[in-house]
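Undergrad: Attaching a single structure in structure tokens format; questions to follow.
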Amino acid sequence: MPGRDLLQIPGPSNVPARVLTALARPTLDHRGPEFAEIAKRALAGLKRLVGTTGALVLYPASGTGAWEAALVNTLSPGDKVLFYETGHFARVWAQLAARLGYACQTIEGDWRSGTRADAIAEALAADTGHAIRAVAVLHNETSTGAVSDIAAVRRALDAAGHPALLLVDTISSLGSVPYGHDALGADVTVGGSQKGLMLPPGLSFNAISERALAAHSAARTPRAYWDWSAMLEGAERGSFPFTPASNLVVALAEALTMLLDEEGMDAVYARHRRLADAARAAVDAWGLEQQCNVPSERSDVLTAVRLPAGYEADALRATILARFGVSLGNGLGRLAGPVFRIGHLGDLNETMLTGTLSAVEMGLRLHQVPLADSGMPAALERLCADV
Ligand SMILES: Cc1ncc(COP(=O)(O)O)c(C=O)c1O
């Protein structure tokens, strides 16, 4: 097909040309002085973005690895973890914890909204013996496009006087939705490279509070590759206990320069908000339903759209890819069938977004999905209103 394809899944996201160039640098000696300097710069930048002055360990792994690391470093076999099931990814994290042998208590969400802090408060109040050792929540649920109020979860823990650690997955929010590990009182923040950080998959991390470090000293889950101790021992020197994903670390330093020092995070977050607002305006104008049905919790990272009964999201996505060269996200878990997801995160501008929305609208027309109206005028109006 002539022209360029658009990758508009909610991660992995588009990688800017400058970051690709950084990735293409000849591989450095990962024990040499130049790499150590770059790694220190990348780790310092990542801490700024996560909002912490504390410890942070960076793994050559996808986000799932950092999920596992957060658990095995803070818990002992059989410990109880409270999960809130906002959607597919919260469910998969809980399943992983169960496979590791932890006792999982899950609060069932409706997969249409963020974490309900009052439900967490209730569960904590019922746990008078403090059996729950950790509360695990997602900042952004990538399967539904719902953002959770992490400050409200922190307040629920504090109000209950409950000592459980707060573990937060920011894999799909970091760099796209404001977040602050220290300010929010998170104990472990889990993040990954392939979404708002504008890198390919392959890096993930844990940001770690003092309380989590103390829990780590007492935690008895066997761990080796994921052990924070060895990672932290060399971190200040830009040194890793095993071979880091060195080309990705070089690219991380470049991406963080672009985000933190050049565009600036206020502008990055405002750009995500503006583009997301335009996507939501198009969906509303089409007369289609958004999976997240609480407007204030709708994510600036992606919009999950529900098709009316009788229409198949995967068939629509296949048409849009084959005819217009645009990749969209599929419906995950129980949302497979009616839901598709438009990613609007990372290295994205108005032209890419409106191209994407046009392709979606053309696909909807080809599939004869009943639409209230064109979504494009509403999207363009939203984008021009901010100029
Ligand atoms: C919110 C969230 N958590 C966890 C994961 C799993 O991360 P990975 O696929 O990088 O292992 C994803 C992946 O998309 C995600 O969106």
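Undergrad: At a 10 Å Cβ-Cβ cut-off, how would you order F242, F324, F83, F205, fewest neighbours first?
TA: F242, F324, F83, F205
Undergrad: Using only the Cα atoms of segment 236-387, what are the Rg and Dmax in Å?
TA: 18.1, 59
Undergrad: Can you give me the Kirkwood hydrodynamic radius for segment 63-185, using every pair of distinct Cα atoms, in Å to one decimal? Walk me through the numbers on the way to the answer.
TA: Working: mean 1/r = 0.0701 Å⁻¹.
Result for segment 63-185 stands at 14.3 Å.
Undergrad: At 0.36 nm per residue, minus the direct Cα-Cα distance, what do A17 and A44 gain on full extension? Give it in nm, one decimal, please.
TA: Length difference between fully extended and current span is 7.4 nm.
Undergrad: Follow-up. How large is the helix-only mean residue ellipticity at 222 nm for the chain, computed as the sum of -39500 (n - 2.57) over DSSP H runs with n ≥ 4, divided by its residue count, in deg cm²/dmol to the nearest 500?
TA: Value at 222 nm, helices only: -13000 deg cm²/dmol.
Undergrad: Which of the GluC sites (Glu not before Pro) found in segment 53-119 are in a DSSP loop and have at most 14 neighbouring Cβ atoms, other than their own, within 10 Å? Working shown, then result.
TA: Working: sites: E68, E85, E108; in loops: none.
Hits after loop and neighbour filter: nothing returned.
Undergrad: Projected area of segment 173-294, taken from the Cα convex hull and averaged over every viewing direction, in nm²?
TA: Numbers: hull surface 41.6 nm².
Averaged projected hull area, Cα only: 10.4 nm².
Undergrad: Separate question: Given a Förster distance of 25 Å, report the FRET efficiency between A270 and T53 from their Cβ-Cβ distance, rounded to the nearest 0.05. Walk me through the numbers on the way to the answer.
TA: Values: r = 25 Å, r/R0 = 1.01.
Efficiency, from the Cβ-Cβ distance: 0.50.
Undergrad: Another one. If we sort 28-36, 136-144 on the protection proxy, mean other Cβ atoms within 10 Å, highest first, what's the order? Provide the component values of the computation, followed by the final result.
TA: Numbers: 28-36: 14.0, 136-144: 30.0.
The densest-packed peptide leads the list: 136-144, 28-36.
Undergrad: Please state, to two decimals, what the Cα-based radius of gyration of segment 155-209 comes to when divided by 2.2 N^0.38 Å (N = residues).
TA: Numbers: Rg = 12.6 Å, N = 55, 2.2 N^0.38 = 10.1 Å.
Cα-based Rg divided by the globular estimate yields 1.25.
Undergrad: Can you give the charge dipole size of the chain about its Cα centre, rounded to the nearest 20 debye, using +1 on the beta carbon of Lys and Arg and -1 on the beta carbon of Asp and Glu?
TA: Working: 33 positive and 40 negative charges, 116 e Å.
Dipole about the Cα centre, nearest 20: 560 debye.
Undergrad: Also, I was wondering about something else. Can you give me the distance in nm between label points at A385 and T351, each placed 7 Å from the Cα along the Cα-to-Cβ direction?
TA: Rounded to a tenth, the inter-label distance reads 2.5 nm.
Undergrad: Still on this structure, I have one more. So how do 209-215, 249-255 stack up, highest first, on mean other-Cβ count within 10 Å?
TA: By packing density, highest mean first, the sequence is 249-255, 209-215.
Undergrad: What share of Cα pairs, in percent, lie more than 21 angstrom apart in segment 17-261? Working shown, then result.
TA: On the way: 16271 of 29890 pairs.
In whole percent, the share of Cα-Cα pairs in segment 17-261 beyond 21 Å is 54.
Every number in this text was worked out from the coordinates using simple rules, so none of it is lab data. All values derive from a computational prediction rather than experimental measurement. Reconstructed Cβ throughout: ideal geometry from the backbone, glycine too, with neighbour counts over all protein chains shown.
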